[in-house]
């Protein structure tokens, strides 16, 4: 049996690699996606081979991640449950896509991941895999209690030591972290009590507010058809632009949230997320739309946000309904072009200016000083017509 394993080189996937060879006598091909986690990837191929893999594919997916996943999602202004910018969720379909591609190229019958049976990632990985290769076999060890005998990290560390698997962890771990180009998440451990305040040291991308600069910083983001293309007039690749805004936003403590969300599998889960660059882009993009997008188009697009966000969160990126919505959203962005200036200060993002060659904002119409382009008397009939149903209803109620 030939299996492609989603591999990070950490405890879980290192143990799974050895376990696959032991349990299935499998030929294991490892795959690691570089989505901007900025973890040390040097030597990962050698480590995988020492643990028993035939080879390890490491792909730099940072540009593809930002260009084809993050930016289209941000065109939709997608936020899950009003707070979460979907940083972990949006990376999973990309990772699963390449997992399947490698399986096809290697002639593998199965893919394997280390997601648990309690989380969302198992759903996201597998929905993507089935959408792209309907006959793929999937091995999810944590859902195989008859053969997967590990109950936690202590068991896995013991097994790794017995099998001489190279690991660099101990049994103590206060929380888990997952990072990519868009954000970093912290879950589990000390966060499992939603009343306990998250440790202030639980930070990677953002400074504590007390340590942020005492002077604000202005940043100008340029958009082309709803896609960010430059920062402060400097054109940047998608990944480089995300990295630049992460640094600027993080320096001012922008984008750190502490939330309890509803997982797709049914339970509530607490997480602390840092999304500095994504937070800046979200505010800037909405400001760009405010002067370039028709009112009714905006209302209709905004009505898509909850459904679109659920699709991303639940793993339906490669589903026809997401494709349909994306086509409509992309069409809505045709004139969302121009510049937005935001001010970063003490965790806040404040829009201070916006301009566009396609602006629908007309100062002559909006001005209180001009009377020759907008006849205020026209509003009388407009209001009465809109009040007609209310007046009829009131008359009926008065007769009761």
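The values are calculated or read from the model by the stated rules, or taken from the named source; none is laboratory data. No experiment lies behind these values; they were computed from the predicted model shown. As a convention, Cβ positions derive from the backbone with ideal geometry for all residues, glycine included, and neighbour counts pool all protein chains shown.
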Original post:
Which residues, counting only those in the range 101-136, are in contact (Cβ under 8 Å) with a residue 40 or more places away in the chain and more than 20 Å from residue 12 (Cα to Cα)?
Top reply: 102, 103, 106, 107, 108, 109, 127, 128, 131, 132
Subject >> Unmet criterion (only one of (1) out of contact with any strand residue (DSSP E or B) (no Cβ under 8 Å at 6 or more places or on another chain); (2) buried (at least 16 other Cβ atoms within 10 Å of the Cβ); (3) farther than 18 Å from residue 347 by Cβ) for residue 207 >> reply: (3)
Original post:
Hey, does the range 20-35 have a residue that's more than 16 Å from residue 165 (Cβ to Cβ) and within 13 Å of the chain's Cα centre (by Cα)?
Top reply: yes
Original post:
Considering the range 92-119 alone, what residues qualify as being surrounded by fewer than 20 Cβ atoms within 10 Å (Cβ to Cβ) and within 19 Å of residue 311 (Cβ to Cβ)?
Top reply: 119
Original post:
Somewhere in the range 188-196, is a residue within 21 Å of the chain's Cα centre (by Cα) and at negative phi?
Top reply: yes
**OP:** Could you tell me which numbered condition residue 268 fails, if it satisfies all but one of (1) more than 24 Å from residue 191 (Cβ to Cβ); (2) in contact with a strand residue (DSSP E or B) (Cβ under 8 Å, 6 or more places away or on another chain); (3) free of Cβ contacts under 8 Å to residues at least 60 places away in the same chain?
**Re:** (1)
Original post:
In the range 48-64, how many are in contact (Cβ under 8 Å) with a residue 12 or more places away in the chain, over 29 Å from the mean Cα position of the chain (by Cα) and not in a strand (DSSP E or B)?
Top reply: 5
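What number of residues within the range 184-197 are assigned to a strand (DSSP E or B) and either more than 25 Å from residue 149 (Cα to Cα) or modelled with pLDDT under 90 (or both)?
Of the residues in the range 184-197, the ones assigned to a strand (DSSP E or B) are 184-187.
This time we only want the ones that are either more than 25 Å from residue 149 (Cα to Cα) or modelled with pLDDT under 90 (or both), so: 184-186.
Looking only at that region, the number is 3.
Is it the case, given these coordinates, that residue 284 is in a helix (DSSP H, G or I), touching a strand residue (DSSP E or B) at 6+ places or on another chain (Cβ under 8 Å) and crowded, with 23+ Cβ neighbours inside 10 Å?
Taking the combined requirement at face value, the residue satisfies it.
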Original post:
Would the range 348-370 turn up any residue that is surrounded by 13 or more Cβ atoms within 10 Å (Cβ to Cβ) and in a helix (DSSP H, G or I)?
Top reply: no
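Table: residues versus (1) in contact (Cβ under 8 Å) with a residue 40 or more places away in the chain; (2) assigned to a loop (DSSP other than H, G, I, E, B); (3) closer than 25 Å to residue 50 by Cα; (4) over 27 Å from the mean Cα position of the chain (by Cα).
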| site | (1), (2), (3), (4) |
| --- | --- |
| 142 | no, no, yes, no |
| 168 | no, yes, yes, yes |
| 182 | yes, yes, no, no |
| 199 | no, yes, no, no |
| 205 | yes, yes, no, no |
| 214 | no, yes, no, yes |
